[in-house]
Amino acid sequence: MWLRHSRRRAIGAASPTVWGVALILGVAVAYGVILFTLGVEALTRFTYGEGTTQLAQGARGLDPGRTFIVPVIGGILVGTMLWIAVRLGILRDIRCQGVAEVIEARASPPGYLSLRSGAVATVVSATALGCGASAGREGPLVAMGGSIATFFSQRLKIPAKDARTLLGCAAAAAVSAAFNAPIAGVLFALEVVLSNYALSIFGPVTLSSVSALVVTQLHFENTHRFEIPDYVTPGVGALPLGALLGILCGIVAWTFLQSAAKARRTALGLMRRRIPAPFMPMIAGLGMGTIGMFLPEVLGFGYEATSEAIQGSYSLKLLLLLLVAKLFATVLCLSCRFGTGVFSGGIYLGTITGAAFGTVLGAIFPEVAGYGATFFAMIGMGAVSGAIIGAPISTTLIVFEITGDYQMTATLMIAVGIASMIVQVLFGSSWFHYQLNHRGYDLSDGPQGIILKTIRVRDVMRAMPVDAAPLEKGAARLVATETLGEALAQMTDLGLDGMPVVPHEDSDKIIGTLTQIRALKTYNAALIESHIEHHR
C-alpha cells in the first residue's frame, strides 16, 4: 500500500499516459519546428537570395522591383490559401491560428484544436514569413504544437484536463525548440498558455521542453539567432538606468499594442464594407514591398537588424527610423492577416529601443559609454517583448538563455517589471488577452468567469424525446448555444427554476430542458475540478 501511495504521489494527477505522450509530443513538435524553420529558410533564399539571418543583405542586392513584388505575391498567396481554407471549412475565418487560439482551446472545453487548421496555419505562416512578412514564428509554431497535442489527445481519448496539460507541453516544446530556451519554454507554457503552476503539470511540461531541445540540438549545433559581442556588465549602479529604460520600453510596447488594436478595428471595418477579406494580406504585401525597397532591415523576422543593433552597428538616426518602420510594418501585417506572432516583433522593437537608449546615454554621459549599446539592447529586448505578450518571467529567462549572462538579472527584471506595469495600466492586457477578450473570453475573470462563459447549454441540458411537443409562441426558452452564465441570468431574471431548450432562436422545437439546480451543480463541479487542477 505504501508503494502504491508513493507512486500515486510521484505521478500526481497526471496519468502515466500523459507523461509518455509528453515525451513523444516534445519530439514531434521539435521536428515540426525544424521543418517549419527549414521551409521558411528555403523560401526566403528563393525569394531574396539569402536566409532569414541575412535577409536584408539579400534584399539590398536585388532589383528594387523584385524587392517590392515578393511581399505582394506572398500576400496574394496567403489570401488565396486562407480563402480556400475557409471555403472548405478548415478555418473559421480569414485568420491563422496563433498563441491566442491555443489559450482559447485551453480555456474552453474540450480543449482541442483542429489538426487540419493547424497544418494550414503552419503552411500559410511559412509562406508569409518567407515572402518578407513582418511577423513572428512563435505564434504558428505554438499553434502547430497545439494541433499535434490535440491529435494525440483525441486518438488516445485523453481526458479534458490532461488534454489541457498537453497543450501546455506543446507550447513549451515549441518555444524551447525555436529559441533554444528550455527553461523559458516551460515558464511560457505555465505563465501564458496554462495560467497554472501546479506541480503535477510542471513535470510533463518540462519533459516536453527538454525532449524538444535535445532533438533540435542533435540537428543544429547552435539555434541562437543572435551573435552577442563582449560587453561590460555594470553593477547595481545601472538599476536606475534600467528603470528609466523600462519606462521607455513600456511606452513603446503600449504604442505598439494601441496601434495594433486600432489597426485591427480599421481592418475589420474595411472587410465588412469595402474590401473582401482575402485581399487584405495583399494590402499588407504592398506596404511591406514599399518599405522593403528603402528599409530591407524591416522585412521578415528582422534577425539581421536585431543582431546589428545588439553589436552597436547602427547610428541613432537609423535606429529611430527602424523603430518606427518596424512598428508600422508589424501592425500592418497583423491587422491584414499577413502572418501572425508578435514575439519576434517585440524582440526587434525592444532591441532597437535599448540600443537607441544606450547610444543616447553614451553621448550625454561619457562615463557610462563603456556599457555600450549591447547591454541596454538586451535589456530592451526582454522589456518590450515581455510587456507585449504578457510574459515577464519567461521573456526574462529567454534573454538569460540567449546571452548566458545572469549578471544583468536585477537590471533586466526591473525594466521588464516596469514596462509590463505600464502596459497593464495603459492598455489593460497583453496582446493575447486582448485578442481573446474580443472573442468573448475575459480571462481576467478567473476560473469562475471562464466556466460561466465557456460551458454551453447544450453541454448540460437534459435531452428530450424526439417527438416532444413544440413550444408555444412567445414562451420563455433557452438557446442551446447560450452559455451557462447567460442561462442562469435568464432564470434569475424570470424567476424560473427551469427552462426548455431550443436549437436556435427562431425554433419552437424543444430539444431539452435545463433546471437551475442542474446548472448550478454543473458550475460547482467545474469550479471544484478547476480548483483541484490548479492546486494538485
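The values are calculated or read from the model by the stated rules, or taken from the named source; none is laboratory data. Only a predicted model underlies this, so the values are computations on that prediction, with no experimental measurement involved. With ideal geometry, Cβ positions are generated from the backbone for all residues, glycine too; neighbour counts draw on all protein chains shown.
Tabulated values for the structure
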{"item": "Only listed residue being in contact (Cβ under 8 Å) with a residue 60 or more places away in the chain, under 26 Å from VAL102 (Cβ atoms), part of a helix (DSSP H, G or I) and not acidic (Asp, Glu), chosen from ALA189, ALA238, ALA263, ALA243", "result": "ALA263"}
{"item": "Matching option when the condition is assigned to a helix (DSSP H, G or I), surrounded by fewer than 24 Cβ atoms within 10 Å (Cβ to Cβ) and hydrophobic (A, V, I, L, M, F, W, C), among ALA143, ALA119, ALA105", "result": "ALA119"}
{"item": "Looking only at segment 456-512, and only at residues there that are in contact with a Gly (Cβ under 6 Å, 6 or more places away or on another chain) and outside any loop (DSSP other than H, G, I, E, B), the one that is surrounded by the most Cβ atoms within 10 Å (Cβ to Cβ)", "result": "VAL501"}
{"item": "Selection within segment 15-50 - closer than 17 Å to LEU299 by Cβ and either surrounded by fewer than 16 Cβ atoms within 10 Å (Cβ to Cβ) or in contact with a Leu (Cβ under 7 Å, 6 or more places away or on another chain) (or both)", "result": "VAL40, ALA42, THR44, PHE46, TYR48, GLY49"}
{"item": "Residues of segment 139-158 that turn out to be β-branched (Val, Ile, Thr) and either over 16 Å from LEU194 (Cα atoms) or modelled with pLDDT under 90 (or both), as a count", "result": "2"}
{"item": "For GLY440: the one exception among (1) modelled with pLDDT of 75 or more; (2) part of a loop (DSSP other than H, G, I, E, B); (3) under 20 Å from ARG106 (Cβ atoms)", "result": "(1)"}
{"item": "Qualifying position, being outside the structural domain of VAL102 (by TED's automatic domain parsing), modelled with pLDDT of 90 or more and in contact with a strand residue (DSSP E or B) (Cβ under 7 Å, 6 or more places away or on another chain), among MET499, MET464", "result": "MET499"}
{"item": "Test: THR513 is modelled with pLDDT of 85 or more and touching a strand residue (DSSP E or B) at 6+ places or on another chain (Cβ under 6 Å)", "result": "yes"}
{"item": "Flag for LEU318 being of a type outside the set (Phe, Trp, Tyr), more than 19 Å from GLY350 (Cβ to Cβ), part of a helix (DSSP H, G or I) and without any contact (Cβ under 8 Å) to a residue 40 or more places away in the chain", "result": "no"}
{"item": "Which listed residue is touching a residue at least 12 places away in the same chain (Cβ under 8 Å) and part of a loop (DSSP other than H, G, I, E, B), from LEU43, LEU23, LEU62", "result": "LEU62"}
{"item": "Residues of segment 74-89 classified as in contact with a helix residue (DSSP H, G or I) (Cβ under 7 Å, 6 or more places away or on another chain) and either buried (at least 17 other Cβ atoms within 10 Å of the Cβ) or modelled with pLDDT under 80 (or both), total", "result": "9"}
{"item": "SER195 buried (at least 24 other Cβ atoms within 10 Å of the Cβ) and not aliphatic (A, V, I, L, M)", "result": "no"}
{"item": "Matching helices (runs of 4 or more DSSP H) fully within segment 334-436 where at least 1 residues are assigned by TED's automatic domain parsing to the domain that holds MET81", "result": "none"}
{"item": "Only one of ALA149, ALA163 that is assigned by TED's automatic domain parsing to the domain that holds LEU207 and over 17 Å from the mean Cα position of the chain (by Cα)", "result": "ALA163"}
{"item": "Some residue of segment 224-245 being at pLDDT below 95, of a type in the set (A, V, I, L, M, F, W, C), surrounded by 17 or more Cβ atoms within 10 Å (Cβ to Cβ) and closer than 28 Å to THR53 by Cα", "result": "yes"}
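Here's the yes/no breakdown for (1) surrounded by fewer than 24 Cβ atoms within 10 Å (Cβ to Cβ); (2) at pLDDT 90 or above:
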site	(1), (2)
ALA160	yes, no
GLY168	no, yes
VAL175	no, yes
ALA181	no, no
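Residue-by-condition table, conditions (1) among the hydroxyl-bearing types (Ser, Thr, Tyr); (2) part of a loop (DSSP other than H, G, I, E, B); (3) under 19 Å from ALA391 (Cα atoms):
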{"site": "ALA135", "(1), (2), (3)": "no, yes, yes"}
{"site": "THR165", "(1), (2), (3)": "yes, no, yes"}
{"site": "ALA174", "(1), (2), (3)": "no, no, yes"}
{"site": "ALA178", "(1), (2), (3)": "no, no, yes"}
{"site": "TYR197", "(1), (2), (3)": "yes, yes, yes"}
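Yes or no, residue by residue, for (1) charged (D, E, K, R); (2) under 22 Å from PRO64 (Cβ atoms); (3) touching a residue at least 60 places away in the same chain (Cβ under 8 Å):
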position	(1), (2), (3)
ARG272	yes, no, no
ALA277	no, no, yes
LEU286	no, yes, yes
GLU308	yes, yes, no
